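Notes to accompany the following structure.
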Amino acid sequence: MADMPTDFWGGWIAVITVVSLAALCWFVFSIYFAANGQDEGEAQVWDETLGEGSNPAPMWWFWLILSLMVFSVIYLILYPGLGSYSGVLKWSQGGRLDESFASYREQFGEVRQSIAKATLESLQEDPAIMASARRVFDRKCGICHGSDARGQASRFPDLMDEAWQWGGDVAQIEKTIRSGRQAVMVGWQAVLGDDGVKQLARYVRELGQGGQTKDDDPGKTSYQQFCVACHGVTGEGNIMLGAPSLVDDVWLYGDSAEDIEQTIALGRNGFMPAFNDRLDDTQVRMLLAWLTRIQ
Amino acid sequence: MSAKNENPKSEFYHDRVVTALVMLAIVWAVLGMAAGVYVAAELVWPTLDFGEPWLSFGRLRTVHTNVVIFGFGVSALMGTAFYSVQRTCHVPLFLPRLAWFVCIAWQIILLLGGLSLLAGITSGKEYAELEWPFDIAIALVWVCFGIIFFGTIAQRKIKPIYVSNWFYGGLIIVITMIHVVNSLAMPATLFKSYSLFAGAQDAILQWWYGHNAVGFLLTGGFLGMMYYFLPKQAERPIWSYRLSIIAFWAFTYSYIWAGPHHLHYSAIPEWVQSLAVVMSLILLAPSWATMINGIMTVSGAWQKLRTDPALKFIVLSLAFYGLATFEGPMMAIKSVNVVSHFTDWTIGHVHSGALGWNALITFGTFYFLVPRLVGRELYSVRLANIHFWLALAGTMLYVLAMWGAGVSQGLLWLSLDEFGELRYSFRDIMASMPPYYLLRLVAGLIFLSGAILMTFNLFKTISGARTIQVRPPAVRGAGASV
């Protein structure tokens, strides 16, 4: 057995267990059936009325401990318990897990295969599957995105709106779920200084509202110099880079002047972990159907 | 107690330290149970921590467990051990000043330790959360406790050692062993240390400690209390000497192995789990032997149950002891454990023991002990009877609420829908819990209000009185010559 450093220890455990259990049996039975002598101390009085009676232990209790002992012996013959002895049944925790998986596959394999291959539309038409998909989302995604998928805490994006930072196509969403995403917005404080950050923030807010900005606006100059590479000339964003649109009035980290200034000054690191190893194909399919359903 | 029987040449028993420990135990009981009620309320209304870290569930919960186990429980055990060992050995305490040191040092450890837990200082080991300076202090005080206890036994005037003393002795020896080994750690700073053990070994050791703290402190220690105070109160000898000796050794032997049943189906070796199953089942036998021994001791004195609140508490506590020691082995069976593990069933099981067994037997013992310590009648038998019903109702409600919560959690978590997905998310299940948690809060409030009644009753009994002075009796009986 892998958890024993040497063969010696398996034997050590087996011997200690068997010998001590046998000693306990012998001890119990020898006292149980000993002659009821006068040396048992029933004459002794410790404290006024405090003494020890000489009643024999009841027989039902004897049968109780005997049956527990017999059960224990049978259990230790059948299951791994005596050191490295693996038991008549060859039971193991890993084997139990394999069995459990096998019976799961037998029971649900077919229906899960069919879900993994089904079109999203057909899944979306089945209310039972959609209810099950909601529970998958609740278990696996809800902790960050909220159980209604509406996002949380100015940190985790709303998945029910139109804006998809990394693209809203089924294939793009699937990639996001399976591989995860790492968005990086660098901090510009050192480059722009306090005033520069404020001017740029003001410009970015106006950009979304379609306001007319003069060409010599220092915020616009900064935007064209530093931001266009990712967020685009018109602020439409770039799903290849996960650079969000700045003109859709969706602000993941908050839409106040202070929030946007902080984003520009210090940057942001949006992180979506990869779920490829935590979800199977069926679950990914269910999530895709649920997330892209028409409400 | 009768003066005519006293040995005039002997020194008086040292009972003032007993009175102090009993009173302190009562104070800790009210504080610890109040903390328990507060965390129960937080589980119904999570914002009750008001954003204060020291009021958060994680900190207050450890304060609750530490204060009730080590404040209420251990102070009561020390007090009753000091009281009964003198009377069963017919000698005053060995080193009475050391007994005062143990009493006071223990309270200081608890006070500072409780504050350190509120401040978020913890070693992260369940029921052993206090950091290394406290661990060392606990070990020192515990060894002093042992010196006093075994020193008194060594000077005894009666040769056979009464059965309550075996259990108190077992408590002192085993707790020293498991506390020291489990707490071995490398200090990094004054309030931060790193355990010497890691991974699966750390887990096995932690539950070797955790389960035997339940075994030898909350069970063995309180059995010592039962074996002295129940026959004293019933004024009958312990029913069967034989059963007590079988039960003691079978209990001591099998408990030590049982801890890994807290780690079923985890990354510990299979043989460790199997031996834990077997030994946990065997444990049922000595537990029930002790329960039968206690209950049969009262038989023939049943009429006292009508009038004597102290005896009512102790007999009821034995019923809960029987219940909890049946439930425990069942939960140690792997297929039951699959349902019960990580659910509130465990919390219910613990409290059927902690409230139904530990607290009730201690209440009964105090109602017996306090009037005798000060040589007065109990201030109000009526209040004690009301307390009895509050304690019974509180315990029953608590256990029922947690059974309901725990069994439904366990079964709902295992439930699959027709596509092989979990039928209920964690959040779905937690959303169905508030009624159970509210019921548990009510149960806790009922139990706490009973404890407050007792506090009032016993402080009224004791107020203005001094601990009376008693001398050991002139020795009689078979084994008197030592």
How many partner chain Cβ atoms sit within 10 Å of a residue's Cβ in peptide B:286-295, on average, as a whole number? 2
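Kirkwood-based Rg over Rh for segment A:130-184 (C-alpha set), two decimals?
On the way: Rg = 11.3 Å, Rh = 11.9 Å.
That ratio is 0.95, to two decimals.
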Hz values of 3J(HN,Hα) by residue in segment B:67-80 - Karplus curve (6.51, -1.76, 1.60), Gly and Pro given as x: 5, 6, 6, 8, x, 5, x, 6, 4, 5, 5, 4, x, 6
Expected max-MSF residue from A:GLN93, A:GLN182, A:GLN152 in the GNM of chain A (alpha carbon, under 10 Å) is A:GLN93
For the modelled label position 7 Å from the Cα of B:GLN469 along Cα-to-Cβ, which residues of segment B:51-93 have backbone nitrogen atoms closer than 13 Å? none
At B:LEU95 and A:VAL73, where each label point lies 7 Å from the Cα along Cα→Cβ, what is the point-to-point distance in nanometres? 4.7 nm
Toward the positive end of the charge dipole of segment A:153-295, about the Cα centre and with charges on Cβ (Lys, Arg +1; Asp, Glu -1), which of A:ILE177, A:PHE156, A:LEU192 goes farthest? A:ILE177
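How big is D for chain A, in µm² s⁻¹ as a whole number, if Stokes-Einstein is applied with the Kirkwood radius of its Cα pairs at 37 °C and 0.692 mPa s?
Working: Rh = 26.5 Å.
D = 124 µm²/s.
Which value, in debye to the nearest 20, gives the size of the charge dipole of chain B about its Cα centre, when Lys and Arg are +1 and Asp and Glu are -1 at the Cβ? Please report the intermediate quantities before stating the final value.
On the way: 29 positive and 21 negative charges, 476 e Å.
Once rounded to the nearest 20, the dipole reads 2280 debye.
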Give me log10 I(q)/I(0) at q = 0.13, 0.16, 0.18, 0.20 Å⁻¹ for segment A:1-120, Debye formula, one equal scatterer per alpha-carbon, no solvent. -0.80, -0.93, -1.03, -1.13
Helix axis angle, B:270-282 relative to chain B longest principal axis, alpha carbon, degrees: 40 degrees
What's the longest piece of chain B with no exposed trypsin sites (Lys or Arg not before Pro), counting a site as exposed if DSSP puts it in a loop and it has at most 14 other beta carbons within 10 Å? B:10-465
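What translational D, rounded to a whole number of µm²/s, comes out for segment B:167-322 from Stokes-Einstein when the hydrodynamic radius is the Kirkwood one over Cα pairs, at 10 °C and 1.306 mPa s? Before the final figure, lay out each step's value.
Numbers: Rh = 17.3 Å.
Value of D from the Cα-based Kirkwood radius: 92 µm²/s.
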If you take the beta carbon distance between A:ILE239 and A:SER122 as r and set R0 to 41 Å, what does 1/(1 + (r/R0)^6) give as a FRET efficiency, to the nearest 0.05? 0.90
Label-point gap, in nm, between B:LYS460 and B:ALA301 - each point 7 angstrom along Cα→Cβ: 2.6 nm
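Which helices of chain A meet both criteria: a Cα extent of 30 Å or more along the helical axis and a mean Kyte-Doolittle score no lower than 1.0, with helices taken as whole DSSP H segments? All intermediate terms of the calculation are to be shown ahead of the outcome.
Working: long enough: A:7-32 (38 Å, 1.68); A:93-117 (33 Å, -1.00).
Span-like helices here: A:7-32.
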Rounded to the nearest 10 degrees, the helix B:434-462 long axis (Cα) sits at an angle to the longest Cα principal axis of chain B of 20 degrees
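I'd like the Kirkwood hydrodynamic radius of chain B, using the inverse of the mean 1/r over distinct C-alpha pairs, in Å. Mind dumping the intermediate values first?
On the way: mean 1/r = 0.0430 Å⁻¹.
Its Kirkwood hydrodynamic radius stands at 23.3 Å.
Assuming 1.306 mPa s and 10 °C, estimate D for the protein assembly as shown with Stokes-Einstein, Rh taken as the Kirkwood radius over Cα pairs, in µm²/s. Intermediate values should be presented prior to the final figure.
Working: Rh = 30.5 Å.
It comes out at roughly 52 µm²/s.
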Give the angle, between 0 and 90 degrees and rounded to the nearest 10, that separates the Cα long axis of helix B:132-154 from the longest principal axis of the Cα atoms of chain B. 30 degrees
How long, wide and thick is segment B:72-194, going by the Cα atoms along their three principal axes, in whole angstroms, largest first? 49, 24, 20
Can you work out the base-10 log of I(q)/I(0) for segment A:189-269 at q = 0.13, 0.17 1/Å, using the Debye formula on its C-alpha atoms alone? -0.34, -0.61
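Divide by every residue of chain B the summed helix terms, -39500 (n - 2.57) for each DSSP H run of at least 4, and state the resulting mean residue ellipticity at 222 nm, rounded to the nearest 500 deg cm²/dmol.
Numbers: 19 runs with 321 residues, N = 482.
Dividing the helical sum by the residues of chain B leaves -22500 deg cm²/dmol.
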Rounded to 5, the percent of DSSP beta bridges in the protein assembly as shown classed as antiparallel: 95 percent
Exposed-site-free run, longest, chain A (rule: chymotrypsin sites (Phe, Trp or Tyr not before Pro); DSSP loop; at most 16 other C-beta within 10 Å): A:92-252
What's the local net charge at A:TRP91, with K and R +1, D and E -1, over the other residues with C-beta under 14 Å away? 0
Can you pull the one-decimal nm distance between simple spin-label points at B:GLU6 and B:ILE108, each 7 Å off the Cα toward Cβ? 3.3 nm
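Scaled to the compact-protein estimate 2.2 N^0.38 Å, what is the alpha-carbon radius of gyration of segment A:142-295, rounded to two decimal places? Please report the intermediate quantities before stating the final value.
Numbers: Rg = 16.9 Å, N = 154, 2.2 N^0.38 = 14.9 Å.
In units of the globular-protein estimate, segment A:142-295 measures up at 1.13.
How much FRET efficiency would the formula 1/(1 + (r/R0)^6) give for A:ASP161 and B:MET430, where r is the Cβ-Cβ distance and R0 is 25 Å, rounded to 0.05? Mind dumping the intermediate values first?
Working: r = 27 Å, r/R0 = 1.10.
With R0 = 25 Å, the Cβ-Cβ based efficiency is 0.35.
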Which whole number gives the average count of other chain Cβ atoms within 10 Å of the Cβ atoms across peptide B:230-240? 5
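FYI, it's all coordinate maths here, none of it is from the lab. Being a predicted model, the structure only gives us computed values, none of them experimental. For neighbour counting, all protein chains shown are included, and Cβ atoms are generated from backbone atoms with ideal geometry for every residue, glycine included.
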